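Asker: I have a structure I would like to understand better, so I am pasting it below and will then ask my questions one at a time.
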Amino acid sequence: MTDRTHVVGLCGSLRDDSGTRIAVDRALAAAAAAGATTELLDLREWDLPLFDADAADAGDGPELAARIAAADGVVLGTPMYHGTYASPVKTALDYCDIEDWAGTTVGLLAVAGGGFPTPALEHLRAACRELKAWPLPTQVAIPESWAAFEDGTVADAEIAERLDDLGGDVAAYAGVEDYPERAAAGGLAAD
Ligand SMILES: Cc1cc2nc3c(=O)[nH]c(=O)nc-3n(C[C@H](O)[C@H](O)[C@H](O)COP(=O)(O)O)c2cc1C
């Protein structure tokens, strides 16, 4: 165990050349630069059958939920599919209980082939609220994905900067739920 802030990334696209994964990786690198330990929970590598509350075998669902529960922060990225977030994210969320996300700081990002993927971000934000997570005001919307990524990197400097801010903020605000207690104990004094 380490007492360093731990931030995990989730990417809702299973495509090998996913722009969303490039963006999540960039934000995770920024979280690492801010002092967090980081890990991409790559959903291509997890056995996640469509969630069925009656199923005897939930695959890797419970282990994924445990890994999210152990994280202080999550960079949660999705491509926009038909006006909302993609099904691998939904499946991952459905394997989790509120306790797995409660108090977890979340940085949201979404990627679209067309215009700004604002609906996908709003829908994820609503899911985070139900899970009692703490979605940050900082979020990144990446439109026109065909032009946004190049050779496995983020092509646009402004988008790259926003992703860096997102990852840095997830690391900085991880543990936000404990702030009132820490403030009461004198741990958040400004001077
Ligand atoms: C099933 C499906 C639905 C999509 N729906 C939308 C959409 O509603 N709006 C949009 O702008 N792009 C839509 N796209 C385009 C994706 O958002 C875009 O290709 C994105 O870059 C995919 O993310 P990825 O590169 O991480 O795989 C859709 C793509 C797929 C495969």
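Read-outs throughout are calculated quantities, based only on the coordinates presented, and are distinct from any laboratory measurement. Computed from a prediction, not measured in an experiment: that's the story for all the values here. When we count neighbours, we look across all protein chains shown, and the Cβ atoms used for this are built from the backbone with ideal geometry, even at glycine.
Asker: Out of everything in the stretch 1-16 that is away from the ligand (no atom under 14 Å from the Cβ) and of a type in the set (S, T, Y), what residue ends up being farthest from K90 (Cα to Cα)?
Answerer: Just the residues of the stretch 1-16 that are away from the ligand (no atom under 14 Å from the Cβ), to begin with: 1-8.
Narrowing further to those that are of a type in the set (S, T, Y): 2, 5.
Working: T2: 30, T5: 25 Å.
Per the criteria, the residue is T2.
Asker: May I ask you to list the residues in the stretch 43-62 that are surrounded by 15 or more Cβ atoms within 10 Å (Cβ to Cβ) and of a type in the set (D, E, K, R)?
Answerer: Once the filter is applied, which keeps residues that are surrounded by 15 or more Cβ atoms within 10 Å (Cβ to Cβ) and of a type in the set (D, E, K, R), the stretch 43-62 yields only D60.
Asker: In the stretch 17-37, which residues are over 19 Å from D165 (Cβ atoms) and more than 9 Å from the ligand (Cβ to nearest atom)?
Answerer: Within the stretch 17-37, T37 is the sole residue that qualifies.
Asker: Are there any pairs, at least 6 apart or on different chains, whose C-beta atoms fall under 9 Å, with the first in the stretch 5-23 and over 19 Å from A147 (Cβ atoms) and the second among the polar types (S, T, N, Q) and within 12 Å of the ligand (Cβ to nearest atom), and if so, which?
Answerer: Note: pairs meeting the criteria are L10/T78; C11/S18; C11/T20; C11/T78; G12/S18; G12/T20; G12/T78; G12/S87.
Asker: Here's another thing I want to ask about it. Go through the stretch 110-159 residue by residue and tally those that are in a helix (DSSP H, G or I), within 16 Å of the ligand (Cβ to nearest atom), in contact with a helix residue (DSSP H, G or I) (Cβ under 7 Å, 6 or more places away or on another chain) and not β-branched (V, I, T).
Answerer: The number of residues fulfilling the criteria is 2.
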